[in-house]
1. Can you tell me how region 279-330 classifies by the Cα gyration tensor, rounded, prolate or oblate, using a/c under 1.5 as the rounded cut?
2. What percent does the relative contact order of region 161-302 come to when contacts are Cα pairs within less than 8 Å and at least six residues apart?
3. Rounded to the nearest 5, what is the percent of antiparallel bridges among the DSSP beta bridges in the chain?
4. If each residue's Cβ is checked for other Cβ atoms within 10 Å, how do 184, 193 rank with the fewest at the top?
5. Ranked by Cβ crowding within 10 angstrom, fewest neighbours first, how are 57, 264 ordered?
6. Which of 47, 270, 243 moves most in a GNM of the chain, Cα contacts under 10 Å?
7. For a footprinting-style exposure proxy, rank 87, 40 by other Cβ within 10 Å, fewest first.
8. Which of 23, 244, 296 ends up with the largest GNM mean-square fluctuation for the chain, with Cα atoms connected below 10 Å?
Ligand code: 2RA
């Protein structure tokens, strides 16, 4: 079944990756509409050999015959335009955090909770990149053993904060003077500060991981804490995940489970220095897991190292996989 697809934020980092992944996956669209802010409107993008002039997003943009709209244009645009699109029968899949915790809005990773799509009301939220890769690795463990507690420590690429983040690192790596450190703090630094600080001393990024994990796994009893750190890496987020399962396990069974889990690639052979790496994961769609080992300090404790491209599986590809799943349900 071919559908009419819109991409909102088509000229941004995720927007451009939408177009690239749509082409790679030969996504079944009949017509494609690309929208952006007034500033970027008029530019031309090419998808599957065809040129599209990017149009300025307006309140009448969804009066055309559009079935699904992929949004990656920031929370304010989503808050304003997603309801307009939804009211005209368009199914919106939004990358911003604006709708993620709304009880009426499914928060979906297709390998983890596709069933949540059944009762959407035309707005569906794509989770935060750091949450997506974590739940893909945790889902098989959750189903097989149950989970009591999760400790997230993340090492996040600068592309997570867009072009500005990339520039900061590029500039910072040029000048190794101490002033450079203050002008571009990410260079040669690990910054324990992603997004803004909240009353409880956590950052918004850390609380997104806590709250979104509970919603995606539909389990508010999960005990979760997170520390999200920005590191001088351009693409791919890396995460150390310590998890307390509810039942005893054999490490060999965990390897087997991870090897066969959907959306996961097991890279774990420390005798040969084989473990997931950001540069290997960059520009690919799987979630990579390795360094699997028992945490002897607690009952049924397990440590994992999980890596994925934050712009692809963390944003564009997961959104497109949600759209592909919706089409199958149509
Ligand atoms: C970041 N996960 O890495 C956040 C938003 N993309 O900055």
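Read the figures in this text as sums done on the coordinates, not as results from a lab. Nothing here was measured: the structure is a model prediction, and the numbers come from that model. Glycine also receives a Cβ, built like all others from the backbone with ideal geometry; neighbour counts cover every protein chain displayed.
1. Judged from the Cα gyration tensor, region 279-330 comes out oblate (a/c at least 1.5, b/c at or above a/b).
2. Computed value for region 161-302: 19 percent relative contact order.
3. 50
4. Placing the least packed residue first, the sequence is 193, 184.
5. Listing 57, 264 from fewest to most nearby Cβ atoms yields 264, 57.
6. Largest GNM mean-square fluctuation: 270.
7. Taking fewest neighbouring Cβ atoms as first place, the list is 87, 40.
8. Among 23, 244, 296, the largest mean-square fluctuation in the Gaussian network model of the chain belongs to 296.
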